[in-house]
Amino acid sequence: YSWKRMRRSSRAWRDEAEFRAAEMELAQLRARTLAGTSPFDLWYYDEAGFTLQPSIPYAWQRVGQRLELAAGHGPRQNILGFFNLHNQFHAFAFQGTIDSHTVIPCFDLFRQQQQNPALVVVDNAPIHTSEDFEDELERWQKDDLHVKFLPSYCPELNLIEILWRKIKYEWLPLDAYQNFKTLTASLFDVLKGIGSKYRITFA
C-alpha cells in the first residue's frame with residue numbers, strides 16, 4: 001500500500017482509440033512548439049472555479065495535532081485562462097454564471113493580445129460546443145485563431161488542468177480560506193505570479 005490521494009476519473013467513458021490518437025497528435029504539437037518549428041503558438045484554455053470549500057492538500061502535521069480547514073460555502077470566483085508551454089498566462093475573472101456569451105469575448109480579447117497565429121486546445125464542455133460558440137469558429141480562423149477540440153472525457157490532455165491543480169493543492173496558502181476576501185486576494189496574487197514566481201516545467 002502507498003499513501004495517495006484518490007482522484008475522480010472519467011476514463012471509463014472515453015473512447016480509448018480517440019484518446020490515444022489525440023495524445024499522440026498533441027505530443028507532436030508540443031514538441032514542435034518547444035523546438036520553435038511550429039507555425040503557430042500552442043495554448044490551452046479552460047475555466048476553473050474557486051470557493052471557500054477548500055481543496056484539501058497533504059501537509060506535515062505534528063503527532064497528536066491535526067490541521068483543520070473549515071468547510072465553508074459562499075460565492076464562487078471563476079477564472080477563465082489561456083496557458084502555454086512557456087508559462088505565459090492570460091486570465092479573466094468573473095463571479096456568477098459562466099456561459100458561451102462570457103467565453104466568446106474572452107477569446108476575442110485573447111486574440112487581440114497575440115502577435116502570432118494561435119492554436120487553442122479546449123475540451124468538449126457545453127459552453128464550448130454551443131451553437132453560439134461554434135458560430136465564431138470561422139471568424140476566429142480567418143483571424144488566425146484556431147480552436148482544437150479534445151475528444152470527450154479526456155481532461156488530462158488539456159495541460160492547463162495541471163495549472164489549476166497546482167493552484168488549488170499547492171500554491172494557495174491554507175489561510176486563504178478564512179473568508180472570500182482573503183481567498184480572492186490570495187488567488188489573484190498567485191495568478192499574477194504565474195510565469196515568474198510560479199512555474200511548471202514541461203519536458
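Note on segment 167-203: among residues that are of a type in the set (V, I, T) and assigned to a helix (DSSP H, G or I), the one that is surrounded by the fewest Cβ atoms within 10 Å (Cβ to Cβ) is T182. Would you confirm, using the coordinates I've provided, whether R66 is charged (D, E, K, R), more than 21 Å from the chain's Cα centre (by Cα) and modelled with pLDDT under 95? Yes, satisfied. Which one is nearest to the chain's Cα centre (by Cα) among residues in segment 8-23 that are assigned to a helix (DSSP H, G or I) and at pLDDT below 85? Going through the qualifying residues, I end up with R11.
Looking at segment 15-52 only, could you name the residues that are β-branched (V, I, T) and surrounded by 12 or more Cβ atoms within 10 Å (Cβ to Cβ)? The answer is T33, T51. Here the helices (runs of 4 or more DSSP H) wholly within segment 87-166 that include at least 2 residues being within 18 Å of the chain's Cα centre (by Cα) and at pLDDT 95 or above are 100-112, 126-129, 160-166.
Each row is one residue, and each column tells you yes or no for (1) touching a Ser or Thr at 6+ places or on another chain (Cβ under 9 Å); (2) open to solvent by less than 40 Å² (accessible area, probe 1.4 Å).
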| residue | (1), (2) |
| --- | --- |
| F83 | no, yes |
| Q88 | no, no |
| F92 | yes, yes |
| P126 | yes, no |
| E138 | no, no |
| D143 | no, no |
| V147 | no, yes |
| L159 | no, yes |
| I162 | no, no |
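The values are calculated or read from the model by the stated rules, or taken from the named source; none is laboratory data. It should be emphasised that the depicted structure is a prediction, and the values quoted were computed from it without experimental measurement. Cβ sites come from the backbone with ideal geometry, for glycine too, and all protein chains shown count toward neighbours. Heads up: the accessible areas ignore ligands, DNA and RNA and are worked out on the full protein's heavy atoms, side chains in. Shrake-Rupley method; radii C 1.70, N 1.55, O 1.52, S 1.80 Å.
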